[in-house]
Amino acid sequence: MKVAIIPGDGIGKEVTAEAVKVLTRAGEVFGTKLELEHLPWGADHFLQTGVTIPKDGYDTLRGFDAIFIGALGDPRVPDNRHARDILLGTRFELDLYVNYRPVKLLDERLCPLKGRGPKDVNFVVFRENTEGLYVSVGGRFKAGTEDEVAIQEELNTFKGVNRIIRHAFQFAKARGLAKVCMADKSNAMQQGHALWQRVFKEVSAEYPGIQATHYYIDALAMYMVLDPGQFEVIVTNNLFGDIVTDLGATFQGGLGMAASGNIHPGKTSMFEPVHGSAPKFAGKNIANPIGAIASAALMLETLGMTKEAAAIDAAVARAVRENQVTADIGGTLGTVEAGTSIAKQIGQVEG
Ligand SMILES: NC(=O)c1ccc[n+]([C@@H]2O[C@H](COP(=O)([O-])OP(=O)(O)OC[C@H]3O[C@@H](n4cnc5c(N)ncnc54)[C@H](O)[C@@H]3O)[C@@H](O)[C@H]2O)c1
């Protein structure tokens, strides 16, 4: 298997180094051949060369079995154009329509919700990843004046909505889960979200064994806090999924804990921690590497290396249990030391 590694910017570089350490260790323990090739794309590369992603960059990425990316975002590139080209560009160009974000609490002490533990916080969010408000359709008229008009269109297609909702039901069925909840804002957004309503009804009718529920997105946010245990699979659009998964990350102990995959089933997919490049934390050896390491495990799981993925998850769970972690979740270790401690446990602990 060949994996492209794009460390990116800020703490992205630091957490990626730890994910690579863990992947390398898993490869040694299980005798798995994993070829990791680093690509330098990011703010430094852009500032030195003026290139965000090379002309054949997306084709280069298609040549790998998977892509691992740290985070992108640097104050020296205020318009964030390199991040748009590398991250959003790859999501769109490789048609990575499934944004898979597990929300799984490993230890009660990490959860800010009163009295909630791992039993209550264990669900996945599928965020539509190629449409919605993130397609940058629109424009600004009379920009910079008092008459400025800014229009940003939300794109919803039958194909796009159908495939993400279908993926959520297929996932639930394959994992023996009982419930899928769709969240939209169809009461106020009566065109685009009527399509979500229609498709959800049609697809859910094909899965009579799975309970299909619906919340408006504002109610979903409230119920996630009040009663997270009711959720197994949530499916929603690009913007809402972006927001509720940051909320979900806080249930897990913060942004440093959350993992994600940008997936096109059967094709080259991309894995990354949910957090950004946190420039204020960069270079201080304080970033939590667990979100990145758990994303590496998701990558191996998606590539069919389930033993290796389970071993990484078990090593992460043990690190959390034994508080061999960074300060954001109550430990005393630095990024490097936390990553090393997890890597050493691979193959030593059961899940
Ligand atoms: N996928 C991505 O690459 C991605 C995602 C979000 C933001 N960004 C970019 O990152 C830059 C900073 O954005 P931001 O500050 O809004 O979000 P951020 O996720 O980088 O950081 C927000 C806060 O979350 C906490 N945090 C994040 N990651 C952590 C970790 N690994 N360990 C411990 N704490 C952690 C910190 O308190 C941090 O200040 C911006 O340029 C933004 O565009 C990139």
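Within segment 108-118, can one find any residue that is open to solvent by less than 90 Å² (accessible area, probe 1.4 Å), part of a strand (DSSP E or B) and either farther than 23 Å from Thr302 by Cα or modelled with pLDDT of 95 or more (or both)?
no
For the structure I just gave you, tell me whether Ile11 is near the ligand (Cβ under 10 Å from one of its atoms), at pLDDT 95 or above and not polar (S, T, N, Q).
Yes: the conditions hold for Ile11.
Yes/no per residue for (1) modelled with pLDDT of 95 or more; (2) touching an Asp or Glu at 6+ places or on another chain (Cβ under 8 Å); (3) open to solvent by less than 60 Å² (accessible area, probe 1.4 Å):
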| residue | (1), (2), (3) |
| --- | --- |
| Thr60 | yes, no, yes |
| Arg76 | yes, no, no |
| Leu96 | yes, no, yes |
| Phe123 | yes, yes, yes |
| Ser136 | no, no, no |
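Residue-by-condition table, conditions (1) surrounded by 15 or more Cβ atoms within 10 Å (Cβ to Cβ); (2) in contact (Cβ under 8 Å) with a residue 24 or more places away in the chain; (3) assigned to a strand (DSSP E or B):
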site	(1), (2), (3)
Val180	yes, yes, yes
Ala183	yes, yes, yes
Ala194	no, no, no
Arg198	no, no, no
Ser204	yes, yes, no
His214	yes, yes, yes
Ala221	yes, yes, no
Gly241	yes, yes, no
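Take the residues in segment 81-90 that are surrounded by fewer than 19 Cβ atoms within 10 Å (Cβ to Cβ) and under 19 Å from the mean Cα position of the chain (by Cα); name whichever of them is modelled with the lowest pLDDT.
Leu88
Give the number of residues within segment 7-34 that are in contact with a helix residue (DSSP H, G or I) (Cβ under 7 Å, 6 or more places away or on another chain) and without any contact (Cβ under 8 Å) to a residue 24 or more places away in the chain.
0
Being touching a helix residue (DSSP H, G or I) at 6+ places or on another chain (Cβ under 7 Å) and under 23 Å from Phe123 (Cα atoms) is true for just one of Ala221, Ala174. Which residue is that?
Ala221
For a quick check of your reading of the model, give me the residue pairs whose first member lies in segment 261-290 and is farther than 16 Å from Glu337 by Cβ and more than 6 Å from the ligand (Cβ to nearest atom), whose second is open to solvent by 40 Å² or more (accessible area, probe 1.4 Å) and polar (S, T, N, Q), with beta-carbon atoms closer than 7 Å and at least 6 apart or on different chains.
Once the first residue is farther than 16 Å from Glu337 by Cβ and more than 6 Å from the ligand (Cβ to nearest atom) and sits in segment 261-290, its partners that are open to solvent by 40 Å² or more (accessible area, probe 1.4 Å) and polar (S, T, N, Q) give Gly261/Thr302; Ile263/Thr302; Ser269/Thr302.
So which residues in segment 312-328 are in a helix (DSSP H, G or I) and open to solvent by 10 Å² or more (accessible area, probe 1.4 Å)?
Asp313, Ala317, Arg318, Arg321, Ala327, Asp328, listed by residue number.
Can you give me the number of residues within segment 291-307 that are open to solvent by 10 Å² or more (accessible area, probe 1.4 Å) and within 13 Å of the ligand (Cβ to nearest atom)?
Of the residues in that region, 1 qualify.
The values are calculated or read from the model by the stated rules, or taken from the named source; none is laboratory data. Note that this is a predicted model, so its numbers are computed, not measured. Backbone-built Cβ (ideal geometry, glycine too); neighbour counts: all protein chains shown. SASA here: full protein model, heavy atoms, side chains in, ligands and nucleic acids out. Shrake-Rupley method; radii C 1.70, N 1.55, O 1.52, S 1.80 Å.
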